[in-house]
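The values are calculated or read from the model by the stated rules, or taken from the named source; none is laboratory data. Since the structure is predicted, the reported quantities are computational estimates derived from the model, not experimental observations. Ideal geometry is used to build each Cβ from the backbone, glycine not excepted, and the neighbour counts take in all protein chains shown.
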Amino acid sequence: MNDKSYVSLERHVCLVCGITFDTGNLLLDKRLRASMERHTTTGWGLCEEHRRLFDAGYVALVECDPQRSGLKPEAGCLKPEQAWRSGRLAHLKREAFADVFNVPVKDDQACVFVEPGVIAQLQSMTESRSA
């Protein structure tokens with residue numbers, strides 16, 4: 001039996017955590033041919049939890065391993081599909097991000113990829129302030 005259909009449920013991949021989630025949209029093959037799987041991943045977005053944090057004014061810091069991501073020092077920016085996420089996350093208010101990193105972040109930018117050790121360094125900074 002063929003599991004293909006002419007309709008599919010659309011999914012996105014969360015930029016921050018990398019999980020797939022349903023968008024609630026249906027995709028339709030215009031030729032009405034059985035060409036699609038039950039679920040089709042079409043792009044990047046934010047899952048419900050990370051959308052809520054983004055809407056509340058937070059920027060996610062996503063720790064990535066540069067060697068596993070294949071990032072070369074001269075390459076500059078890391079693309080979401082290249083990022084090898086370590087699983088460590090932190091969320092900073094936009095204003096705090098600009099103060100800590102001395103770099104502005106775009107209003108529509110939900111996350112930044114950081115090298116290993118950055119989140120641990122931020123945690124040690126907040127622990128020393130509270131002590």
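Before moving on, here are some points about what is shown:
- Tally, over segment 90-114, of residues that are in a strand (DSSP E or B) and surrounded by fewer than 16 Cβ atoms within 10 Å (Cβ to Cβ): 1
- Considering segment 22-63, the residues that are under 30 Å from SER5 (Cβ atoms) and β-branched (Val, Ile, Thr) include one that is farthest from the chain's Cα centre (by Cα), namely THR40.
- In segment 48-65, the count of residues that are within 16 Å of PRO116 (Cα to Cα) and in a loop (DSSP other than H, G, I, E, B) is one or more.
- A count restricted to segment 3-47 and to residues that are of a type in the set (Asp, Glu), in a loop (DSSP other than H, G, I, E, B) and exposed (fewer than 13 other Cβ atoms within 10 Å of the Cβ) stands at 2.
- Residue satisfying all of: in segment 69-88; surrounded by 16 or more Cβ atoms within 10 Å (Cβ to Cβ) and assigned to a strand (DSSP E or B); modelled with the highest pLDDT among these: ARG88
- VAL59, sole failed condition from (1) touching a helix residue (DSSP H, G or I) at 6+ places or on another chain (Cβ under 6 Å); (2) surrounded by fewer than 17 Cβ atoms within 10 Å (Cβ to Cβ): (2)
- Filter result for the condition that a residue is among the aliphatic types (A, V, I, L, M), without any contact (Cβ under 8 Å) to a residue 40 or more places away in the chain and under 22 Å from THR23 (Cα atoms), over LEU46, LEU53, LEU92: LEU53
Conditions tested, residue by residue: (1) more than 16 Å from LEU89 (Cβ to Cβ); (2) basic (Lys, Arg).
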residue: TYR6; (1), (2): yes, no
residue: ARG11; (1), (2): yes, yes
residue: ILE19; (1), (2): no, no
residue: ASP29; (1), (2): yes, no
residue: SER35; (1), (2): yes, no
residue: GLY43; (1), (2): yes, no
residue: PHE54; (1), (2): no, no
residue: TYR58; (1), (2): no, no
